[in-house]
Amino acid sequence: MTLDSKNIESEKNDLYFMQRAFELAQQAEQLDEIPVGAVVVYQGKIIGEGFNQSILLNDPSAHAEMIAIRQAGKHRNNYRLLDCTLYVTLEPCPMCAGLLVHSRIKRLVFASPDLKTGAAGSALNLVDNEQFNHQIAVVEGVMQEQCSQLLSGFFKRRRNEKKAAKKTQ
C-alpha cells in the first residue's frame, strides 16, 4: 500500500467513525444534553462509545469522552488504551484532555474546535504538552461543518426557549 492510499484509507476510517460519534451526539440532543458524541476505536472496531449525559445523570464528569473511555477500559480490561483512537464531535475540555493523556490514547480525531475551553490546541493544549509523559496525535476538522451546525442549532434553540420562558413570567 502506498503512502497516498494509506492516507485515503485513514481518512475513510476517520469519516466512518466520526459519523458514529455524530449519531451519538444526535442522541444527546434528543435528551436535551449538549450534543457531543464520542467513540473509542481499537484495531478498526468500536470498543467504547458515549454521549454527553451530565444533566441526565447529575454528573459533571459524564462527558461523551469519559463515558466512551470508561467503556473501552472495561472492554480492554485495562486502564491504558494504548493504540486506541478517540473520535469526538467537539474538541475535548481540560478534564477530558487530561483523561486522554492518563489513558494513553494514541490518537484524537475531533470535528469542531472549542475556542473557549478546547484543550487540544484551541484554548490550551494538554494533549501535546512536552511536560507530560504522553503526547497524543491530533486530527481536527473531520465532519466539522455538520457537528458545528448541530451544536449551534442546539444552543440557538436553548437561547430561544429561555427568552420565551422569560416572556411568560
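The values are calculated or read from the model by the stated rules, or taken from the named source; none is laboratory data. On a predicted model such as this, the values are computed, not experimentally measured, just so you know. Positions of Cβ are generated from backbone atoms using ideal geometry, with glycine treated the same way; all protein chains shown enter the neighbour counts. For accessibility, only protein heavy atoms count, side chains too; no ligands or nucleic acids. Shrake-Rupley method; radii C 1.70, N 1.55, O 1.52, S 1.80 Å.
Give me the percent of accessible area attributable to carbon and sulfur for the range 33-100, probe 1.4 angstrom. The C+S portion of the solvent-accessible surface of the range 33-100 is 55 percent.
Helix-only arithmetic for the chain: the sum of -39500 (n - 2.57) across DSSP H runs with n ≥ 4, divided by the residue total, places the mean residue ellipticity at 222 nm at -15500 deg cm²/dmol.
For the range 1-112, the per residue solvent-accessible surface stands at 50 Å², with DNA, RNA and ligands left out and a 1.4 Å probe. Applying 0.36 nm per residue to the separation of residue 61 and residue 168 and subtracting their alpha-carbon distance, the gain on full extension is 35.2 nm. Put simply, the amide H of residue 37, placed in the peptide plane, has neighbours under 5 Å in 25, 89, 90, leaving out anything fewer than 5 places away on its chain. When each of the peptides 153-165, 74-86 is scored by how many other beta carbons lie within 10 Å of its residues on average, the order from highest to lowest is 74-86, 153-165.
Spherically averaged projected area of the convex hull of Cα atoms, the range 25-136: 6.5 nm².
On full extension, the segment bounded by residue 133 and residue 106 gains 8.5 nm, given 0.36 nm per residue less the C-alpha separation. Placing a label point 7 Å from the Cα of residue 149 along the Cα-to-Cβ direction, the residues of the range 10-39 whose backbone N falls under 15 Å of that point are 19, 22-23, 26. Applied to the range 153-169, the Karplus parametrisation 6.51 cos²θ - 1.76 cosθ + 1.60 on θ = phi - 60° returns per-residue 3J(HN,Hα) values of x, 4, 5, 5, 4, 5, 5, 5, 5, 5, 4, 5, 5, 5, 5, 8, 7 Hz, with x for Gly and Pro.
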